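Notes for the one structure printed next.
The values are calculated or read from the model by the stated rules, or taken from the named source; none is laboratory data. These numbers come from a predicted model, not from an experiment. Note: ideal-geometry Cβ built from the backbone for every residue, glycine included; neighbour counts use all protein chains shown. When the accessible area is computed, the model is the full protein with side chains, heavy atoms only, and any ligands, DNA or RNA have been set aside. Shrake-Rupley method; radii C 1.70, N 1.55, O 1.52, S 1.80 Å.
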Amino acid sequence: MSVIRVRNLKKYYRVYQKEPGLLGSMKSLLRRKYQPVKAVDNISFSIGRGELVGFIGPNGAGKTTTLKCLSGLLFPNEGTVEVLGFTPWDRKPEFQKQFSLVMGQKNQLWWDLPPIETFILNREIYEVPQKQYEQTLNELVKILEVEEVLKIQTRKLSLGQRMKCELIAALIHSPKVLFLDEPTIGLDVVMQKRVRDFIKLYNRRFKSAIILTSHNMDDVKELCQRVLIIDRGRLVFDGRLSEIISKYADHKIVSVVFSQEIDPKKLAKIGQVKSYHFPEATLSIKRETAPLAAAELLQHFPIADLTLEEEKIEDIIRELFTGKDYA
Amino acid sequence: MEVNNFRKHLKIYWQLIKFAAIRDMTYRLNFFLEWLVEFGYVLTGLISLRIIFVNISEVAGWNFHQMLILIGLGTVFSETILGLFFIFNLRKLPEKITRGELDLILTKPLNSQFVVSMWRPYFTFIPSLIPGLILIYLGFTGGGYGFDPWLFLPFLTIFLSGLVIAYSVGMIITTLSVWLINATPLPELAEHLLFLAERPHSIFKGPFRIFFILVLPIAFMVSFPTQTLMGDFIWWWVPAALALAAVFLKTSALFWRLALKHYQSASS
């Protein structure tokens, strides 16, 4: 059963364009040129209970705008959205009590007060019964290992500690739907991993539907089986992460270790040489000719080792965004 | 349902007041400086008033001691409005809109107008009321005015209604910043308009007088409550104040709701 249903969602903006320099600014005081921007352009998808979906795309693709429409912050130009049976922009408290939005670049913790004060305030705001609050808080604090920082002023916490406390503040009411917008941004690799482990655990434990946007492909690879790819406001892919490879990866990567120095020009006749630093070389070869090329390499070059691999998911997605070929 | 919702908001507001108090008292120096500045401000105002009244005996029918009461109540009025609604709330609204800082608080199950205009009270305003109260006391004792206890309720009704009207006017003007992104002068404009209330309404003549009673009813904010305190009370002020407060508050709520439909947030 779907907890999020989006049908033909459109959100258009008008942004004003200014010519450079002081003169441009003076001109814009009197006369402004506006350009329409299709931030979200007719997208549709559904998400079921307990699903953890990655929502990826380049900067300005429309990810955050979509999340803001789903949270009721923005009114769309067209289309329908249902989250837990509610229209988000009606901003009904019954709906707002059941979801949470975490934005890695914005915080809700009170800067001059310890995080525990924000948690108490959120308990009042979301009307969480005291017993449930204590139970949830204890559980989250234990998983995220933040017992020692609860009573320390937020401004004195590290970014990682703050992010963990932001997550607790957002989850204290056990939301059924969670929108995570770049939750690992700015964190070091250790903290990124901890946040990812927590999200995974939370999703399993509470069966919440989670939409995660991130530019960090490790987040998406580790957490999401399904991904939605959006570019220039249009949804260009909706499916399992593994399907991206079968659908868009038209090349394979051949990694070779040579036993003797070779002429790189000869290597270029086999496929596109991505790197060559003796004794190692990496080639990108069209999927259908890859077995043949491997055989040719083994036959005509002094090979110590050879492996044939799929392209990295990050590379496929990067090429998707730069090549813009979604056919 | 509505009663429960109101009770919930009151409870949260109490929590927010406590937060503000903790926060303001964390910065001790600022806390005491604020007092000092407020006393200095009232003292210089008092000296200017004394100098004016050396040459004239009254301003638009108000003598020196009446003016003291008016300025005292005006101080209480403006400090309350600034502390509760403007300093950390409406004044910051255009900036918050420009930076997209409203996003997280607008997703909370609370009345969004309450959130944007009352989220962070400025606790230091409470001691700032003291100079105003001292001026009222000096005006009453110096002028030899008596206070009729029966007029306390009408006074309170008109004064509180005036605060509601002032808040609503401030809210309506500041709400325009949803459309006019980065419109930082809007709260300042609202404050300047509202501070006209600290002058006796009788200085306004003809169409201005009608304007400041009906269109922008600043007369109900300080002048009429001051006159009521001094026993110069006209009965229709009470129902008129209540009706105007209800109309202005509702208008501000409708206008805010309309503005939210046009809220664009900021790019992440």
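Yes/no matrix, rows are residues, columns are (1) without any contact (Cβ under 8 Å) to a residue 24 or more places away in the chain; (2) closer than 22 Å to residue A:98 by Cα; (3) of a type outside the set (Lys, Arg); (4) in contact with a Ser or Thr (Cβ under 9 Å, 6 or more places away or on another chain):
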site	(1), (2), (3), (4)
A:172	no, yes, yes, yes
A:177	no, yes, yes, yes
A:216	no, no, yes, yes
A:226	no, no, no, no
A:243	yes, no, yes, no
A:246	yes, no, yes, no
A:250	no, no, yes, no
A:262	no, no, yes, no
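Put simply, of B:121, B:94 the only residue that is touching a residue at least 40 places away in the same chain (Cβ under 8 Å), in a loop (DSSP other than H, G, I, E, B) and within 20 Å of residue B:168 (Cα to Cα) is B:121. When you check residue B:156 against the structure, is it of a type in the set (A, V, I, L, M) and under 16 Å from residue B:232 (Cα atoms), yes or no? For residue B:156, the condition - of a type in the set (A, V, I, L, M) and under 16 Å from residue B:232 (Cα atoms) - is met.
Only a single criterion out of (1) within 9 Å of another protein chain (Cβ to nearest Cβ); (2) crowded, with 16+ Cβ neighbours inside 10 Å; (3) not in a loop (DSSP other than H, G, I, E, B) is not satisfied by residue A:47, namely (1).
Residues that are surrounded by 14 or more Cβ atoms within 10 Å (Cβ to Cβ) and on the phi > 0 side of the Ramachandran plot: does segment A:33-44 have at least one? Scanning segment A:33-44, I find at least one residue that is surrounded by 14 or more Cβ atoms within 10 Å (Cβ to Cβ) and on the phi > 0 side of the Ramachandran plot, so the answer is yes. Checked against the criterion of being open to solvent by 50 Å² or more (accessible area, probe 1.4 Å), in a strand (DSSP E or B) and touching a Leu at 6+ places or on another chain (Cβ under 7 Å), segment A:225-233 has no qualifying residue. The residues on offer are A:290, A:294, A:249, and the sole one that is more than 30 Å from residue A:216 (Cα to Cα) and open to solvent by less than 40 Å² (accessible area, probe 1.4 Å) is A:294. Give me the pairs: first residue in segment A:292-311 and in a loop (DSSP other than H, G, I, E, B), second residue of a type in the set (Ser, Thr, Tyr), beta-carbon distance under 7 Å, and six or more apart or on different chains, which are they? Listed by first residue and then by second, the contacts come to A:302/A:259. The set of residues in segment B:21-38 that are more than 27 Å from residue B:135 (Cα to Cα) and open to solvent by less than 50 Å² (accessible area, probe 1.4 Å) contains only B:23. Scanning segment A:279-303 for residues that are of a type in the set (A, V, I, L, M, F, W, C) and in contact with a helix residue (DSSP H, G or I) (Cβ under 9 Å, 6 or more places away or on another chain) returns A:281, A:283, A:285, A:297, A:301, A:303. Filtered by the rule that a residue be open to solvent by less than 40 Å² (accessible area, probe 1.4 Å) and under 24 Å from residue B:194 (Cβ atoms), segment B:39-58 gives B:40, B:42, B:45, B:49. When you look at residue A:190, is it part of a helix (DSSP H, G or I), more than 23 Å from residue A:135 (Cα to Cα), open to solvent by 20 Å² or more (accessible area, probe 1.4 Å) and among the aliphatic types (A, V, I, L, M), yes or no? For residue A:190, the condition - part of a helix (DSSP H, G or I), more than 23 Å from residue A:135 (Cα to Cα), open to solvent by 20 Å² or more (accessible area, probe 1.4 Å) and among the aliphatic types (A, V, I, L, M) - is met.
The residue list B:139, B:100, B:61, B:144 contains one member that is over 19 Å from the mean Cα position of the chain (by Cα) and either without any contact (Cβ under 8 Å) to a residue 12 or more places away in the chain or open to solvent by 60 Å² or more (accessible area, probe 1.4 Å) (or both), which is B:144. I'd like to know if segment A:237-244 contains one or more residues that are open to solvent by 30 Å² or more (accessible area, probe 1.4 Å) and closer than 30 Å to residue A:12 by Cα. The answer is yes, given that some residue of segment A:237-244 is open to solvent by 30 Å² or more (accessible area, probe 1.4 Å) and closer than 30 Å to residue A:12 by Cα. Against the definition (under 29 Å from residue B:111 (Cβ atoms) and outside any loop (DSSP other than H, G, I, E, B)), how does residue B:31 come out, yes or no? Answer is no for this residue.
Would you pick out the residues in segment B:98-111 that are closer than 20 Å to residue B:5 by Cα and more than 7 Å from chain A (Cβ to nearest Cβ)? Matches in segment B:98-111: B:105, B:111. Residues that are surrounded by fewer than 21 Cβ atoms within 10 Å (Cβ to Cβ) and away from chain B (no Cβ under 11 Å) number at least 1 in the following helices (runs of 4 or more DSSP H) confined to segment A:56-144: A:115-125, A:130-144. For residue B:152, the criteria (1) open to solvent by 20 Å² or more (accessible area, probe 1.4 Å); (2) at pLDDT 90 or above; (3) over 21 Å from residue B:70 (Cβ atoms) hold in every case but one, which is (3).
This table checks each residue for (1) more than 17 Å from residue B:120 (Cα to Cα); (2) touching a Cys at 6+ places or on another chain (Cβ under 8 Å); (3) within 14 Å of another protein chain (Cβ to nearest Cβ); (4) not small (Gly, Ala, Ser).
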| residue | (1), (2), (3), (4) |
| --- | --- |
| B:5 | yes, no, yes, yes |
| B:13 | no, no, yes, yes |
| B:17 | no, no, yes, yes |
| B:22 | no, no, yes, yes |
| B:30 | no, no, yes, yes |
| B:33 | yes, no, no, yes |
| B:36 | yes, no, no, yes |
| B:41 | yes, no, no, yes |
| B:46 | yes, no, no, yes |
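Would you confirm, using the coordinates I've provided, whether residue B:125 is surrounded by 15 or more Cβ atoms within 10 Å (Cβ to Cβ) and closer than 30 Å to residue B:236 by Cβ? Criteria not met by residue B:125. Among the helices (runs of 4 or more DSSP H) confined to segment B:172-268, the ones with at least 3 residues that are open to solvent by 30 Å² or more (accessible area, probe 1.4 Å) and either polar (S, T, N, Q) or at pLDDT below 90 (or both) are located at B:185-195, B:206-210. One residue stands out in segment A:148-184 among those that are farther than 20 Å from residue A:118 by Cβ and open to solvent by 20 Å² or more (accessible area, probe 1.4 Å): the one that is farthest from the chain's Cα centre (by Cα), namely A:176. Kindly indicate which of A:262, A:317 is among the aliphatic types (A, V, I, L, M) and in contact with a helix residue (DSSP H, G or I) (Cβ under 8 Å, 6 or more places away or on another chain). The conditions single out A:317. Count of segment A:185-196 residues, restricted to those that are under 15 Å from the mean Cα position of the chain (by Cα) and more than 14 Å from chain B (Cβ to nearest Cβ), is 5.
Do the conditions hold for residue B:94, that is, is it open to solvent by less than 20 Å² (accessible area, probe 1.4 Å), more than 14 Å from chain A (Cβ to nearest Cβ) and farther than 19 Å from residue B:44 by Cβ? Yes. Name the residue that is surrounded by the most Cβ atoms within 10 Å (Cβ to Cβ), counting only residues in segment A:1-32 that are closer than 18 Å to residue B:181 by Cβ and within 33 Å of the chain's Cα centre (by Cα). Here the answer is A:11.
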